[in-house]
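Written below as structure tokens is the structure these notes are about.
The values are calculated or read from the model by the stated rules, or taken from the named source; none is laboratory data. As the structure is a computational prediction, the values presented were derived from the model and not from experiment. Note that we place each Cβ from the backbone using ideal geometry, even for glycine, and neighbour counts take in every protein chain shown.
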Amino acid sequence: MSGWLPKSAAGRRWLGLAPSYFIIGIFMLIPMIIMAVFSLLAPNPYGGVEPEFSTAAYVKLFFEYDLEDNLVFNPGYINIIFRSFQLSFGATILCLIFGFPVAYYITLQPEHKRNFYIYLITIPFWTNLLIRTFAWIIILGRGGVIETPLYALGIIEESLRMMYTDGAIAIGLTYSYLPLMVLPIYASLEKLDFRLLEAASDLYANRWEVMTKVVIPLCKPGIIAGCILVFIPCLGAFIAPNLLGGGKKLMLGSLVQFQFASARNWPFGAALSMLLLSAVVVVLIFYARSARKQAEAGQA
Amino acid sequence: MSASMQQASTKSKKALPVGHYRGLGAWTVIFFIFLYLPIVVLIFYSFNANRMVMNWGGFGLEWYVKAFQNDDIQKAVWNSLIVATFATIFATAIATVGALVLARGGSFRGKTVSLGLITLPLMVPEIVTAVAVLIFFNAISLKLGLVNVIIAHITFCIPFAFMPIRARLEGMDTSLEQAARDLYASEWETFRYVTMPLLMPGIAAGAMLSFVISMDDFIITLMVAGAGSTTLPVYIYSMIRRGLTPEINAVCTVLLLVSIALVTAYWLVSRTTQTRAAH
């Protein structure tokens, strides 16, 4: 039966890896290279590109042409990029504040309960993100779940206008990626030796010091991993800014989609994607460095 | 450990042992309310008899009836199922052979690169993948409708299928395979009757993850799918843009319950196999 397989180990190795290389190489790696090339070409007004070299897409990030054809600084796109970082950072912090105590609480539970809690946290993660974000429209919207009882009790007389704000986007992002924060923190807390906490307490550390000087430093790898797992998808998010921000409060992800679907400026969309990609690479390099430092500290 | 913790607590004259903090339980309750409130609200409003989602007009099932009779929804559901089925089969097969090499092939040159390539779709933001694939299909003028969508889905499902299979392979004891070889089983027989049955839970987990991820994908499909190859999430998005009716809630509730049922089934199965293995 196995006669058709290559005899050498190397031959088999490449036979096994060839399908993965083929699919991901052709349909992901090469497309990303083409995208990089496209960002340096001139746009075709009907979508697509013209085959001529142009840095216009990158210039457009910072400048625009005024009525007299002079290049002037345009902060519009920079503001959107800045807002994306701000909102992603805010959502990451919210996830951390909200998620860390829960991960810690789960670690204190007996094992069968722990597994059940983890199951409860993963369930929303496996259900459709679009649907879960849509639910927030019903909660935050005009006459929605939050406003209706407030009207009835006479606390408010007009809409709180919670939808289409940065706050709504931040809530949506926090909600979307919260499980990605809790799970890695839990994974590193699970390995925590609770005798260390007692030792710290015996050496007159108070509760606050036990937490900040023993627990948090020991689960730092989990916290960093959680923050990165939340930050990266937030940066490229499309659903939350579009549904909860109403498409007016743009973030990078929705700006990219807009360039392809409506504005038909493909090179600019490709340039924005390149920017997003380089931000991710910077974050991942930072992560690899901190992981290596942690490993070295562990050996020492 | 608990005895010494109690000791510590009497020493500090506080009710809570070391490492326990006040309010953690309450915080966790709030956390789970936050996590599940949207899901509960969504399901609740799907039974709204009114035309407007947010104005409660009494209990009614008519939006479920309407959703089931909607031809566009039916077509979108079929497209989603076709895409997810093909993507799962291909991605799981590709990931299985890849994982066998990377977990069992020893160390070789290019191993780290291979691992990086297979997990690449996990690291690149979805919107970037979507744009890259859109540009690529356009550049080679590949317009095969659903096939385009299936190809894109296979690509990003591979790492999701790969991870549980590799984890299973790395946790597996190789002594059973060695025993089979010692008892004159051929290489193929060892693989077919020893390795594969042991690996099956990993493959099932990988396939399930791929299926759920493919069914849920929105942004990549939105960019890649042309007219006629709309999947359910893309159709739901267009419904939301047209105006909020409880019909959306009805469709979403059904999709939600299917996902929850799948994940729960997987959780129960993996729990029983774990307990059995433990005894």
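Condition check ((1) more than 25 Å from the chain's Cα centre (by Cα); (2) part of a helix (DSSP H, G or I); (3) at negative phi) across all residues:
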{"residue": "A:Leu5", "(1), (2), (3)": "yes, no, yes"}
{"residue": "A:Leu15", "(1), (2), (3)": "yes, yes, yes"}
{"residue": "A:Ala18", "(1), (2), (3)": "yes, yes, yes"}
{"residue": "A:Leu29", "(1), (2), (3)": "no, yes, yes"}
{"residue": "A:Ile34", "(1), (2), (3)": "no, yes, yes"}
{"residue": "A:Val37", "(1), (2), (3)": "yes, yes, yes"}
{"residue": "A:Tyr46", "(1), (2), (3)": "yes, no, yes"}
{"residue": "A:Leu61", "(1), (2), (3)": "no, yes, yes"}
{"residue": "A:Ile78", "(1), (2), (3)": "no, yes, yes"}
note = A:Thr55 meets each of (1) surrounded by 14 or more Cβ atoms within 10 Å (Cβ to Cβ); (2) more than 10 Å from every other protein chain (Cβ to nearest Cβ); (3) touching a residue at least 12 places away in the same chain (Cβ under 8 Å) with one exception, condition (1)
ask   = What do you reckon, is B:Ala167 in contact with a Gly (Cβ under 8 Å, 6 or more places away or on another chain), within 27 Å of B:Met196 (Cα to Cα) and either surrounded by 20 or more Cβ atoms within 10 Å (Cβ to Cβ) or at pLDDT 95 or above (or both)?
value = no
request  = Go through (1) part of a helix (DSSP H, G or I); (2) at pLDDT below 95 and name the single condition A:Pro51 misses.
outcome  = (1)
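What about A:Ala270, is it surrounded by 15 or more Cβ atoms within 10 Å (Cβ to Cβ) and out of contact with any Phe, Trp or Tyr (no Cβ under 8 Å at 6 or more places or on another chain)? Spell out how you get there, then give the answer.
On the way: surrounded by 15 or more Cβ atoms within 10 Å (Cβ to Cβ): yes; out of contact with any Phe, Trp or Tyr (no Cβ under 8 Å at 6 or more places or on another chain): no.
No: the conditions fail for A:Ala270.
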inquiry  = For the stretch B:187-210, check the following and say yes or no: at least one residue is over 25 Å from A:Gly25 (Cα atoms), buried (at least 17 other Cβ atoms within 10 Å of the Cβ) and charged (D, E, K, R).
reply    = no
ask   = Right, A:Ala57: within 30 Å of B:Arg166 (Cα to Cα) and more than 24 Å from the chain's Cα centre (by Cα) or not?
value = no
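So which residues in the stretch B:146-190 are among the small types (Gly, Ala, Ser) and touching a Ser or Thr at 6+ places or on another chain (Cβ under 6 Å), if there are any at all? Talk me through it step by step, then tell me what you get.
Of all residues in the stretch B:146-190, those among the small types (Gly, Ala, Ser) come to B:152, B:161, B:167, B:171, B:175, B:179-180, B:185-186.
Correct list: B:Ala161, B:Ala180.
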query = Here are some residues: A:Glu50, A:Glu64, A:Glu68. Which one is within 30 Å of B:Val149 (Cβ to Cβ), charged (D, E, K, R) and more than 11 Å from every other protein chain (Cβ to nearest Cβ)?
reply = A:Glu50
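Determine if the stretch B:159-166 includes at least one residue that is out of contact with any Phe, Trp or Tyr (no Cβ under 6 Å at 6 or more places or on another chain), in a loop (DSSP other than H, G, I, E, B), touching a residue at least 12 places away in the same chain (Cβ under 8 Å) and at the interface with chain A (Cβ under 10 Å from one of its Cβ atoms). Talk me through it step by step, then tell me what you get.
Taking the stretch B:159-166 and keeping what is out of contact with any Phe, Trp or Tyr (no Cβ under 6 Å at 6 or more places or on another chain), we get B:159-166.
Keeping just the survivors that are in a loop (DSSP other than H, G, I, E, B) gives none.
No: the stretch B:159-166 contains no residue that is out of contact with any Phe, Trp or Tyr (no Cβ under 6 Å at 6 or more places or on another chain), in a loop (DSSP other than H, G, I, E, B), touching a residue at least 12 places away in the same chain (Cβ under 8 Å) and at the interface with chain A (Cβ under 10 Å from one of its Cβ atoms).
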request  = Working only within the stretch B:181-218, note down all residues that are assigned to a loop (DSSP other than H, G, I, E, B) and within 14 Å of another protein chain (Cβ to nearest Cβ).
outcome  = B:Ala185, B:Ser186, B:Asp217, B:Phe218
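Could you please let me know if B:Val97 is of a type in the set (A, V, I, L, M, F, W, C), crowded, with 17+ Cβ neighbours inside 10 Å and more than 29 Å from A:Ala279 (Cα to Cα)?
Values: of a type in the set (A, V, I, L, M, F, W, C): yes; crowded, with 17+ Cβ neighbours inside 10 Å: yes; more than 29 Å from A:Ala279 (Cα to Cα): yes.
Taking the combined requirement at face value, the residue satisfies it.
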task = With the checklist (1) at pLDDT 90 or above; (2) among the polar types (S, T, N, Q); (3) over 30 Å from B:Ile135 (Cα atoms) in hand, flag the one item A:Asn206 doesn't pass.
result = (1)
task = Go through the stretch B:49-146 and tell me which helices (runs of 4 or more DSSP H), entirely inside it, have 1 or more residues that are within 12 Å of chain A (Cβ to nearest Cβ) and within 23 Å of B:Met208 (Cα to Cα).
result = B:71-104, B:111-118, B:120-123, B:126-139
inquiry  = For the stretch B:110-124, check the following and say yes or no: at least one residue is touching a helix residue (DSSP H, G or I) at 6+ places or on another chain (Cβ under 8 Å), farther than 30 Å from A:Val230 by Cα and surrounded by 14 or more Cβ atoms within 10 Å (Cβ to Cβ).
reply    = no
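Looking at A:Arg114, A:Arg132, A:Arg161, A:Arg142, which is the one that is part of a helix (DSSP H, G or I), surrounded by fewer than 21 Cβ atoms within 10 Å (Cβ to Cβ) and among the basic types (Lys, Arg)?
Details: A:Arg132 fails: surrounded by fewer than 21 Cβ atoms within 10 Å (Cβ to Cβ); A:Arg161 fails: part of a helix (DSSP H, G or I); A:Arg142 fails: part of a helix (DSSP H, G or I).
Just a single option satisfies the conditions, and that option is A:Arg114.
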